[in-house]
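Accompanying notes for the structure given below.
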Amino acid sequence: MNPSTPYRCAVIGNPIAHSLSPDIHHAFAQALDLPVQYERILCTADDFDNRVAEFFAQGGRGLNITVPFKERAFTLSQKHCQPRAQLAGAVNTLWVADQQLHGDNTDGEGLVVDLQRLGKELKGQRVLLIGAGGAARGVALPLLAAGAQSLKIINRSPERAHQLLQQLEQQLTQQPLGSQPSLASGGLQDTAGQWDVVINATSASLDNDRPEHGTISYASQALAYDMVYGAKPTAFMQTAQQQGAAQCVDGLGMLVEQAASSFAIWFGQRPPTTAIRAQLRQQLFSSS
């Protein structure tokens, strides 16, 4: 490809107008001096497969997937999916290699990198994961791969938490880690224990609802992390602070870092994230 011809990338979803992905990826491209044209693609469920095929047939470099098509993207790329995407049953990053469609889920890596940025290395840490839906499924294996000592998954429906735990155990049987972490699951009130990292992977904060989980015992220097982000601390963050979390953070950093992971898959180098994260934070404050 002529270096002056932009690499074509995009995010596909429905709705899509709100997506910050073009802002993020254009900032990445500028930082690395790469010609990238990144667009939003609005798509219907009936047309998703065709739009993906058309995008890559026309020379598309990389495609991000957002609601509600992550599971469909997983089905399309299942033969060439990364293990973390297999566990999630969802894909947010597509690309073509050797004429085959490949898929990955970079959410968990984005979360781990952001936690490291915040000074929270996961090795030896006790992690409580609230939620068992798509967001939780995307981060469970990367949290363990980063060295978490223990992971407990709690959910409104305990059965879904148990199911995710069983799938996680099966994945670890196929691809064992260096050390065997302690795993558990339960309902939202099953918060017994002391936790170093507590992650809210539910959508409650989108409606500013206070979490329905039981009282959480935060260890010294514990971090509470909400995957939802906004101009003000979320209801989960406010509750965590009241219950003793030393550090309460929203998911804006994860949004940027998972995008950086996608960019690195497509272009072979991870872009700097500090400037665009600060820019997006300022935009949130300005719009509030």
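Overall, the ratio between the Cα radius of gyration of region 223-288 and 2.2 N^0.38 Å, rounded to two decimals, is 1.28.
With the convex hull drawn over the C-alpha atoms of region 108-250, the volume per residue is 94 Å³. In the chain, helices alone account for a calculated mean residue ellipticity at 222 nm of -12000 deg cm²/dmol, with every DSSP H run of four or more residues adding -39,500 (n - 2.57).
The slack between Gln194 and Thr75, meaning 0.36 nm per residue of separation minus the straight C-alpha distance, is 39.0 nm.
The order of the peptides 108-120, 92-104 by mean Cβ neighbours within 10 Å, most packed first, is 108-120, 92-104.
Show the residues, 5+ positions off or on another chain, whose built amide H is closer than 5 Å to the amide H of Ile216. HN-HN under 5 Å from Ile216: empty list. For the chain, the Kirkwood estimate of hydrodynamic radius, built from reciprocal distances between every pair of different alpha carbons, is 19.5 Å. Compared with the dominant Cα axis of the chain, that is its longest principal axis, helix 107-117 is turned about 70°. Think of each Lys and Arg Cβ as +1 and each Asp and Glu Cβ as -1; about the Cα centre, that makes the dipole of region 108-250 roughly 140 debye.
Of all DSSP-defined beta bridges confined to region 82-215, some 25% are antiparallel rather than parallel. Each part gets one Cα centre, and for region 187-241 versus region 96-157 those centres are 16 Å apart.
Between Asp98 and Ser203, residue separation times 0.36 nm minus the direct Cα-Cα distance comes to 34.1 nm. Here the gap between Leu284 and Ser179, fully extended at 0.36 nm per residue and compared with their Cα-Cα distance, gives a gain of 33.7 nm. Each Lys or Arg adds one and each Asp or Glu takes one away; over the other residues whose Cβ falls under 9 Å from the Cβ of Thr106, this sums to -3.
Taken about its Cα centre, the chain carries a charge dipole of about 340 debye when Lys and Arg each add +1 at the Cβ and Asp and Glu each add -1 at the Cβ. Overall, the anisotropy analysis places region 144-196 in the oblate class: the square-rooted eigenvalues a ≥ b ≥ c of its C-alpha gyration tensor yield a/c not less than 1.5, with a/b not exceeding b/c. Rounded if a/c is under 1.5, else prolate if a/b is larger than b/c, else oblate: which is region 205-260, with a ≥ b ≥ c the root eigenvalues of its Cα gyration tensor? Because a/c hits 1.5 or more and a/b fails to exceed b/c, region 205-260 counts as oblate.
With respect to the chain, whose longest principal axis is taken over its alpha-carbon atoms, helix 252-267 is tilted by about 40°. When both bridge partners sit in the chain, DSSP labels roughly 15% of those beta bridges antiparallel.
For region 18-122, a Kirkwood radius taken over Cα pairs fed into Stokes-Einstein (4 °C, viscosity 1.567 mPa s) yields D = 87 µm²/s.
In region 266-288, whose amide N lies under 13 Å from the spot 7 Å out along Cα-to-Cβ of Asp33? List them in ranges. Under 13 Å, as judged by backbone N against the label point of Asp33, lies no residue of region 266-288.
Every read-out reported here was derived from the displayed coordinates using simple, explicitly stated rules and does not represent laboratory data. Keep in mind the model is a prediction, meaning the values are calculated, not measured. Cβ sites come from the backbone with ideal geometry, for glycine too, and all protein chains shown count toward neighbours.
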